[in-house]
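As structure tokens, the structure follows; a few thoughts come after it.
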Amino acid sequence: MRSTKRRLRAELEQRRVARPFAARKQAADNLAGWVSSAPFRLEYDVTVAAYVPFGAEPGSPGLLDALIDRGVTVIVPAVPAGEPTALDWVRYDGAESLTRGRWGLLEPIGHRLGSDAVEAASVIFVPAYAVDKTGNRLGRGAGYYDRTLTGLTAEIIAVVYDDELVESLPAAPHDVRVRWALTPDGGFRELG
């Protein structure tokens, strides 16, 4: 199963990188636009955990800014040093607060809130290479999100390109399923 997942990740990364910049930009704009039609509450006193896209991942800080514009408190991960563990979290206050962290990932400058800060989130947007129709998510493979999401009751949403919502993916017992996918053209789709 490991080699199958590794092969899938490589194929999907190649497809992402091959997407023209204009198509990736349009997809990012579309994703931010879906915030206002979410099938769950995304306003005022809600806390949302999200991520800052890296490389050719779908999305942009525009999605995070759209959440802030609705009055939502947004927290994003900061990768802790050392071996993979649960992610740490920092409040997002706009793209100007981002700096390069571990592996060149963008993360906010600010006070780290700890790995348990995600428990306050009612909605969590997570990156994925792909997600299947039953909620199996293919991540980067280090297990940070699986360690972070275990036991949470929040609505978990994998953000993927439309062609990355697939029929089935290999899954291990420790893989945490997601309940939703968000795609640029299809919007929010319930899985399962």
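The values are calculated or read from the model by the stated rules, or taken from the named source; none is laboratory data. None of these values were measured; they are calculated from a predicted model. Note that we place each Cβ from the backbone using ideal geometry, even for glycine, and neighbour counts take in every protein chain shown. SASA here: full protein model, heavy atoms, side chains in, ligands and nucleic acids out. Shrake-Rupley method; radii C 1.70, N 1.55, O 1.52, S 1.80 Å.
A few comments on the model shown:
- Within the stretch 100-121, the set of residues being in contact (Cβ under 8 Å) with a residue 60 or more places away in the chain and either assigned to a strand (DSSP E or B) or surrounded by fewer than 17 Cβ atoms within 10 Å (Cβ to Cβ) (or both) comprises just one member, ALA120.
- Number of residues in the stretch 1-33 that are in contact with a helix residue (DSSP H, G or I) (Cβ under 9 Å, 6 or more places away or on another chain), surrounded by fewer than 18 Cβ atoms within 10 Å (Cβ to Cβ) and assigned to a helix (DSSP H, G or I): the value is 4.
- Contact annotation: residue pairs with Cβ atoms under 7 Å, 6 or more positions apart or on different chains, pairing a residue in the stretch 129-157 that is without any contact (Cβ under 8 Å) to a residue 40 or more places away in the chain with a partner that is acidic (Asp, Glu) and open to solvent by less than 40 Å² (accessible area, probe 1.4 Å), are ASP146/ASP175.
- Among the residues of the stretch 135-157, not one is basic (Lys, Arg), modelled with pLDDT under 90 and open to solvent by less than 50 Å² (accessible area, probe 1.4 Å).
- The lone exception for SER97 - which of (1) surrounded by 19 or more Cβ atoms within 10 Å (Cβ to Cβ); (2) over 14 Å from the mean Cα position of the chain (by Cα) it fails: (1)
- Being free of Cβ contacts under 8 Å to residues at least 60 places away in the same chain, closer than 20 Å to ARG9 by Cβ and assigned to a strand (DSSP E or B) is a property that ALA171 lacks.
- Residue match in the stretch 39-62 (condition: closer than 24 Å to ALA10 by Cβ and open to solvent by 50 Å² or more (accessible area, probe 1.4 Å)): yes
- Residues located in the stretch 174-186, provided they are touching a residue at least 60 places away in the same chain (Cβ under 8 Å) and either surrounded by fewer than 16 Cβ atoms within 10 Å (Cβ to Cβ) or part of a loop (DSSP other than H, G, I, E, B) (or both): PRO184, ASP185
- Residue in the stretch 2-17 that is touching a residue at least 60 places away in the same chain (Cβ under 8 Å), of a type outside the set (Asp, Glu) and closer than 23 Å to ALA154 by Cα present: no
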